[in-house]
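The values are calculated or read from the model by the stated rules, or taken from the named source; none is laboratory data. Bear in mind that the values here come from a model prediction, so they are computed numbers and not experimental data. Note that we place each Cβ from the backbone using ideal geometry, even for glycine, and neighbour counts take in every protein chain shown.
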Amino acid sequence: MSQLIKDIFLPEKIGTYYLFSKYIVGVVIGKTTIIATKTRLQGNNTTIELIIEEKIEFLAPEETEVERASRSLKNVFSKIGSYDEVHAVISSSLVVFKEIKLPFVSREKISLVIGFEIEPLLPFSLKDAVIDFIITRQIPEEKSSEILVSAVQKQYLLDLISIFEASGITIDIITVDTIALYGLYSRLPDYNQLRGGTALIDIGLYSTRIALMIDSQLKMVRNLPKGIIALSKKAAHDLHTTPNEVMEKLIRFGLESTESSDYTQTMEQTLSSLWDDINFTFTSFSAQFLNRNPITKVIVLGDGPLIKGLLTSLSEKTKITCEEFRFESLKEVKINIKNDNVITPVNLVSISATIPSPMTEEYNLNHAEFSKPTYSLMVKQLVVGIVLTMGLFTSLVTHYSLQTSKLTAEISSSQKEALASLKKTFKNLQDEKTLSDAIDAAEVEIKTQKETWFAFSSKSRGSFLQYLLELTSVIDAKSIGLELEQVTFGEKELVLKARVKDYDALKVLERELGKSPLFSYIEPQENLQFTMKITLAPSTEEF
């Protein structure tokens, strides 16, 4: 349950600091090999836990490419163990790259217009493409950004996804090999501070990828359909031998073999065709972006650096300093290597796909349209919601029970204390067992005592005799023809029920009663036969 709460309610990281361990698997599926890297992210540290290279075996002619690749992919993941995300890599040879400048600095705003901007530049329909971009440079003073857009046809992505689906594996992120490499490149101080023109060249078995940068900003990506395999076939044809023999000599002796001058000369001539294409790329790039200034540094990776003498040959041909990618620079950004894992120019793309970079962290070609609807997160949210709701209600019920119990005890104690106080005050309540019965009996006793006290008390009013005396003294019964029927005394008023002979007599009666200090209000009457309410004045010292 703690894992569910972590997944849904807590952020996975704050800034670049990972609150919990996260395992990412980067997968590169080649024509003959699958390379996978498992990397752990925790805190500010990145640890390369495992690197696996698995050959794609051709067991039966009737097998499809998807079946062969998925079988090997299953073998890879059987060794991977648990993980959190899968990042799959697609070849840049399938991708169209375009650099454009837009008057926005926000990625959200760029996303809204990128389709309209890139559509005229694509060699295929936008509806058949998936596009994404990285912001390579922001210009705040102009409120604009330079971005590198990548577009790939949907079918290529579906082909890649089908291999993973056949293996029962879900892809979280699809990136491009060059984009992944550039993300790592942009993190390393050895490289992200380089000025001028720089080329990052990945010489593979089947193709050569070239990333061209100015002041460490990626400007152009070009893919050459020439790799070690193609060059070996060409050399084998010229030497009248087999490609396997040429490849074996390349691996064993590189370009420095003294076994045969024909071999050395042929390989140099064969490689020259690739070097010419690279040189042409450099020249075009310099003319377009560097005002004809040349590239000053070439960084090489892939299968090419494994061939002895290749870097020297490239450097001599291009007249540019060439060096192999420096893997020791990874330690400068807290990228650690666990156990006996060895980083090589061949598996660097797979590694790059697992290492987060601010430059590429939002880049993902795995759009929602490719994903089958899954309800795992919704189920997690539902389970957590139910558990939290039950926990909340349990807490409320528990709190209510405790408070009710505490209040009940307090009420019981207060009732006992009140009952004891009443029994102490009213001696006739000694037999009462409950507070309510005692209160009822006390009220009866108070009423009785009040009535008794009322008849004799003169603290708040005069006595009844005083009021009767006052009536007889202020009223001349004979002159007004008063016929008194009844006088009723209350606590604050008396009621005079009587009759007078005429209306003049009634006015005289009201006037005389109003003069008395014992009466504060005399109710006016309209009939000769009347019932008059007289409000009694508060008692004074003289009374």
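Tabulated data for the structure shown
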item: Condition met for A230 (free of Cβ contacts under 8 Å to residues at least 12 places away in the same chain, crowded, with 16+ Cβ neighbours inside 10 Å and in a helix (DSSP H, G or I)); result: no
item: Qualifying residue in segment 69-76 (condition: modelled with pLDDT of 95 or more, part of a strand (DSSP E or B) and more than 29 Å from E332 (Cβ to Cβ)); result: no
item: Some residue of segment 128-136 being under 28 Å from the mean Cα position of the chain (by Cα) and of a type in the set (S, T, N, Q); result: yes
item: Index of the failed condition, L148 passing every other in (1) of a type in the set (A, V, I, L, M, F, W, C); (2) in contact with a Gly (Cβ under 9 Å, 6 or more places away or on another chain); (3) modelled with pLDDT of 95 or more; result: (2)
item: Condition met for T47 (within 33 Å of the chain's Cα centre (by Cα), more than 30 Å from F285 (Cα to Cα) and buried (at least 21 other Cβ atoms within 10 Å of the Cβ)); result: no
item: Criterion violated by D202 - all others in (1) closer than 21 Å to W275 by Cβ; (2) without any contact (Cβ under 8 Å) to a residue 24 or more places away in the chain; (3) acidic (D, E) satisfied; result: (2)
item: Selection status of D262, surrounded by fewer than 17 Cβ atoms within 10 Å (Cβ to Cβ) and either under 29 Å from E146 (Cα atoms) or among the hydrophobic types (A, V, I, L, M, F, W, C) (or both); result: no
item: Which listed residue, of I139, I171, is closer than 29 Å to G302 by Cβ and in the same structural domain as P356 (by TED's automatic domain parsing); result: I171
item: Filtered residue count, segment 170-184, keeping only those that are touching a Ser or Thr at 6+ places or on another chain (Cβ under 9 Å) and over 28 Å from M220 (Cβ atoms); result: 1
item: Hits in segment 234-291 - residues which are out of contact with any helix residue (DSSP H, G or I) (no Cβ under 9 Å at 6 or more places or on another chain), at pLDDT 90 or above and among the aromatic types (F, W, Y); result: F280, F285
item: Boolean, K154 is over 29 Å from E85 (Cα atoms) and basic (K, R); result: no
item: Answer from T408, T452 - the residue that is outside the structural domain of L506 (by TED's automatic domain parsing), over 30 Å from K515 (Cβ atoms), at pLDDT 75 or above and in a helix (DSSP H, G or I); result: T408
item: The one condition in (1) touching a helix residue (DSSP H, G or I) at 6+ places or on another chain (Cβ under 9 Å); (2) free of Cβ contacts under 8 Å to residues at least 60 places away in the same chain that E141 fails to fulfil; result: (1)
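Residues checked against (1) part of a strand (DSSP E or B); (2) under 20 Å from T170 (Cα atoms); (3) not assigned by TED's automatic domain parsing to the domain that holds Y206:
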| position | (1), (2), (3) |
| --- | --- |
| E54 | yes, yes, no |
| Y83 | no, yes, no |
| H87 | yes, yes, no |
| V96 | yes, no, no |
| G115 | no, no, no |
